[in-house]
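The values are calculated or read from the model by the stated rules, or taken from the named source; none is laboratory data. Because the structure is a prediction, the values reported are computed rather than measured. Glycine also receives a Cβ, built like all others from the backbone with ideal geometry; neighbour counts cover every protein chain displayed.
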Amino acid sequence: MTKELEVAIKAARQAGEILRENFHKAHPVTLKEGGSWVTEIDKLSERKIISIIKENFPTHSVNAEESGFSKKDSEYLWLIDPIDGTTNYATKFPFFAVSIAQAKNKEVILGVVYDPMRNNLYSAEKGKGVRLNSYFIKVSESKELRQSVVSYARPSRIKERFIELFSKVELAARTPKILGSMVLSLCYTASGNLDAAICLSPNPWDLAAGCLIVEEAAGKATDLEGKPWSIDSKDILATNGKIHEEILKIINS
């Protein structure tokens with residue numbers, strides 16, 4: 001295990017412990033610009049993650065959801081979402097995660113996602129596969145969209161475009177799922193619990209770890225035009241690879 005992965009896992013677990021310890025408490029919500037929610041636990045979790053990363057890699061840049069971009073003269077960038085699924089967390093729906101990724105020259109090379117309520121840790125380094133806890137995982141074998149389970153994720157401000165895409169794909173797929181955590185939808189696609197995930201308007205910290213995890217599980221992730229995803233992508237389709245082109249064709253019809 002590289003030092004970078006070891007540090008990311010440590011940060012994710014310690015942040016996840018903060019989330020778990022405070023889950024059943026009341027969490028006053030503040031509305032951010034764009035309408036998304038933030039709680040004090042988001043900020044507390046993020047501070048813990050950043051402190052651990054900066055302690056070990058003080059020269060690396062950090063882009064975190066709540067505190068923004070701390071740029072350094074470095075080719076390395078950490079992308080942090082302290083609670084992916086804040087609405088779920090604030091309403092005590094136990095489906096959310098901590099997401100941490102590292103990019104080198106804008107290419108994501110490491111991803112860690114921790115689901116503290118199930119004690120599930122997804123970890124991947126580029127070219128080395130992906131583990132769920134101690135076991136390697138891979139995507140599903142579903143070859144037809146009509147037999148596939150597809151998840152959808154969007155920020156609160158995106159509604160009309162979401163409804164349009166949802167109505168197109170939902171008619172062709174077996175079962176739609178709206179789970180409330182973009183990164184866990186991607187991880188569930190990687191582990192074969194879902195066959196695909198469509199994520200609209202993600203921020204870099206929303207998608208970076210999850211997309212790498214899907215690819216390292218032998219899946220496929222692109223934008224909605226079929227171009228390779230990057231941390232600058234605005235919409236993401238992640239699948240088991242076998243139904244990818246079928247979904248792209250429907251989306252772009």
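Here are some notes:
- Unmet criterion (only one of (1) at pLDDT 95 or above; (2) more than 21 Å from SER230 (Cα to Cα); (3) assigned to a loop (DSSP other than H, G, I, E, B)) for LYS128: (2)
- Any pair with Cβ under 6 angstrom, 6 or more apart, that starts in the range 226-253 at a residue that is in contact (Cβ under 8 Å) with a residue 24 or more places away in the chain and over 21 Å from VAL183 (Cβ atoms) and ends at one that is among the aliphatic types (A, V, I, L, M) and surrounded by fewer than 17 Cβ atoms within 10 Å (Cβ to Cβ): ILE250/ALA172
- Checklist (1) of a type outside the set (D, E, K, R); (2) farther than 20 Å from GLY241 by Cβ; (3) out of contact with any helix residue (DSSP H, G or I) (no Cβ under 6 Å at 6 or more places or on another chain) applied to THR175, failing item: (2)
- In the set (1) farther than 26 Å from GLY68 by Cα; (2) assigned to a loop (DSSP other than H, G, I, E, B), the condition left unmet by PRO176 is number (2).
- Checked against the criterion of being closer than 10 Å to LEU212 by Cβ and assigned by TED's automatic domain parsing to the domain that holds GLU40, the candidates LEU79, LEU121, LEU110 yield just one match: LEU110.
- Residues of the range 203-253 classified as surrounded by fewer than 22 Cβ atoms within 10 Å (Cβ to Cβ) and in a strand (DSSP E or B), total: 3
- Checking each residue in the range 98-130 for being touching a Phe, Trp or Tyr at 6+ places or on another chain (Cβ under 6 Å) and among the aliphatic types (A, V, I, L, M) picks out VAL98, VAL113, LEU121.
- Scanning the range 198-220 for residues that are within 22 Å of ILE137 (Cα to Cα) and within 12 Å of the chain's Cα centre (by Cα) gives ILE198, CYS199, ASP206, LEU207, ALA208, ALA209, GLY210, CYS211, LEU212, ILE213, VAL214.
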